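Following: one structure in structure tokens, then a few remarks.
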Amino acid sequence: MYPFRVFLSYSSAERELAGRIVTALQQTGLLVLWDHALVPGQPFTEEIKTQISRCHLFIPLLTRKSLSKPWVHQETGYAMGVGVPILPIVIGKIAPVALIQQLQAIRIGEDIDQLRSLLTEDMVNARIEDSSKIAHPNFESLDHPERRTQMIVHHT
């Protein structure tokens, strides 16, 4: 899989779980951005917004705990606002809520290893390609040689 940049949004109460998800995503070839490098006293809101706006795909980790945490919802709303495609990962018997309730989610149980088989390259590519269909996309994916050539021809 091409190393697309993905941003993982999660509840800080589930940092260990998020770390396991990050490892699984990295094993599929994705470059995962998340807040692990933020240090105490550092303003983090702008850094998180920058990371979200520069990613190819936004992945909210939805659990019972995260549904009650405002940060996951705020980050999801920001991703939607800047046109970053969203692919929720759900753990447990819950459903995406609010603005993303219409999105089909990847559902896994406690076995994080399931993620590597469920998150396919075609799925990631499809979500990223969907973002280019919006009126003013935040970015255009030129990661594949064929697509890069098409875009060069289109813009010349």
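The values are calculated or read from the model by the stated rules, or taken from the named source; none is laboratory data. Remember, predicted model here, so these are calculated numbers, not experimental data. A quick note on method: Cβ atoms are made from the backbone with ideal geometry, for glycine too, and the neighbour counts reach across all protein chains shown. Accessible surface areas use protein heavy atoms only, side chains included; no ligands, DNA or RNA. Shrake-Rupley method; radii C 1.70, N 1.55, O 1.52, S 1.80 Å.
Scanning region 58-71 for residues that are crowded, with 22+ Cβ neighbours inside 10 Å and under 14 Å from the mean Cα position of the chain (by Cα) gives PHE58, ILE59, PRO60, LEU62. Considering only helices (runs of 4 or more DSSP H) fully contained in region 35-87, which possess at least 2 residues that are closer than 14 Å to LEU8 by Cα and either modelled with pLDDT under 90 or of a type in the set (Val, Ile, Thr) (or both)? Helices (runs of 4 or more DSSP H) meeting the threshold: 45-53, 70-81. Only a single item in (1) at pLDDT below 85; (2) closer than 17 Å to ILE91 by Cα; (3) not hydrophobic (A, V, I, L, M, F, W, C) is not met by GLY19, and it is number (1).
Return a yes/no flag: does region 16-30 have any residue that is in contact (Cβ under 8 Å) with a residue 12 or more places away in the chain, under 11 Å from the mean Cα position of the chain (by Cα), over 16 Å from ILE108 (Cβ atoms) and surrounded by fewer than 18 Cβ atoms within 10 Å (Cβ to Cβ). Taking every residue of region 16-30 in turn, none turns out to be in contact (Cβ under 8 Å) with a residue 12 or more places away in the chain, under 11 Å from the mean Cα position of the chain (by Cα), over 16 Å from ILE108 (Cβ atoms) and surrounded by fewer than 18 Cβ atoms within 10 Å (Cβ to Cβ). The residue that is farthest from GLY19 (Cα to Cα), counting only those in region 31-57 that are touching a Phe, Trp or Tyr at 6+ places or on another chain (Cβ under 9 Å) and open to solvent by 80 Å² or more (accessible area, probe 1.4 Å), is ARG54.
Residues considered: GLU140, GLU110, GLU129. Of these, the only one that is more than 22 Å from THR23 (Cβ to Cβ) and either modelled with pLDDT of 85 or more or assigned to a loop (DSSP other than H, G, I, E, B) (or both) is GLU140. Within region 111-131, residues that are of a type in the set (Asp, Glu) sit with their Cβ atoms under 9 Å from residues that are open to solvent by less than 50 Å² (accessible area, probe 1.4 Å) and modelled with pLDDT under 85, at 6+ positions apart or across chains, in these pairs: GLU129/SER141. For region 1-20, residues that are more than 10 Å from THR63 (Cβ to Cβ), assigned to a helix (DSSP H, G or I) and in contact with a helix residue (DSSP H, G or I) (Cβ under 7 Å, 6 or more places away or on another chain) total 0.
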